[in-house]
Amino acid sequence: MSESKIEPYTVEQLQQQYAVSMQVAVGVMKQFSGDRSRIDKFLKRWPQKRAKPIATGKN
């Protein structure tokens, strides 16, 4: 039987998949050593930044 080895994430893959900054991606890579399952579990709980509504001056 052949075992399929899952490759660890790269910084670029983390940035594309989770829309995080370079600093966050590098920090996550260091913390979890590129382990995909642990990173996925952690980043699924990461708060997504939502665009703030533009202030119109009306209250």
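Any idea which residue in segment 1-47 is most open to solvent (accessible area, probe 1.4 Å), counting only those that are assigned to a helix (DSSP H, G or I) and of a type in the set (Gly, Ala, Ser)?
Ser37
Would you pick out the residues in segment 25-59 that are of a type in the set (Val, Ile, Thr) and at pLDDT 90 or above?
Val26, Val28, Ile39
The values are calculated or read from the model by the stated rules, or taken from the named source; none is laboratory data. Because the structure is a prediction, the values reported are computed rather than measured. The area values use the complete protein model at the heavy-atom level, side chains included, leaving out ligands, DNA and RNA. Shrake-Rupley method; radii C 1.70, N 1.55, O 1.52, S 1.80 Å.
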